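Enquirer: Structure below; questions to follow.
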Amino acid sequence: MGNKQTVFTHEQLEAYQDLAPQLVPLDYTNCPDVKVPYELIGSMPELKDNPFRQRIAQVFSEDGDGHMTLDNFLDMFSVMSEMAPRDLKAYYAFKIYDFNNDDYICMWDLEQTVTKLTRGELSAEEVTLVCEKVLDEADGDHDGRLSLEDFQNMILRAPDFLSTFHIRI
């Protein structure tokens, strides 16, 4: 993603090859532009049950297609680690929930998010009610959508955010 804000230790980075040897060829240093296909990323044990696995891969991939370079892959696991700072996690959570990539979380984005979080178990009316409540609570400037600032303020009031927005490796 270009930011290169890794929170992995040197030892964790060295252990990467043991973590997922099937994802990246051993000769990565000779061909650094290799991309891991989304099909492999989405089927990893750490992501396969996550309802946002495709969206996570899209956000962290350079082209938005879900196929990742090793740097993209490490960025994803770094941000999703338990050690990543709250602001970094909030920024990427915002990007993941911004399904239409317009830099705001609108009603449609919220509907997508709630539907994924509840795995489609709510009726359309219930989803709408939840989304309206979220906007009512979090939309600081009352423009009918959440800016990154609105979202970050909402996250500050969610004590369980840090413990739930992570991938265990």
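The values are calculated or read from the model by the stated rules, or taken from the named source; none is laboratory data. Predicted model only: the values in this text are computed from it and were never measured. Counting neighbours? That spans all protein chains shown, and the Cβs are built from the backbone with ideal geometry, glycine included.
Enquirer: Looking only at the range 24-46, which residues are modelled with pLDDT under 75 and within 14 Å of HIS67 (Cβ to Cβ)?
Expert: VAL24, ASP33
Enquirer: Return the residues of the range 159-169 that are loosely packed, with under 15 Cβ neighbours inside 10 Å and within 17 Å of the chain's Cα centre (by Cα); say none if nothing qualifies.
Expert: Matches in the range 159-169: ASP160, SER163, THR164, ARG168.
Enquirer: May I ask you to list the residues in the range 104-154 that are at positive phi and of a type in the set (D, E, K, R)?
Expert: ARG119
Enquirer: Kindly provide the set of residues from the range 90-121 that are without any contact (Cβ under 8 Å) to a residue 40 or more places away in the chain and among the acidic types (Asp, Glu), ordered by number.
Expert: ASP98, ASP102, ASP109, GLU111, GLU121
Enquirer: Looking at this structure, is ILE105 touching a Leu at 6+ places or on another chain (Cβ under 7 Å), closer than 25 Å to ASP160 by Cα, modelled with pLDDT of 95 or more and of a type in the set (Val, Ile, Thr)?
Expert: When the stated conditions are applied, ILE105 passes them.
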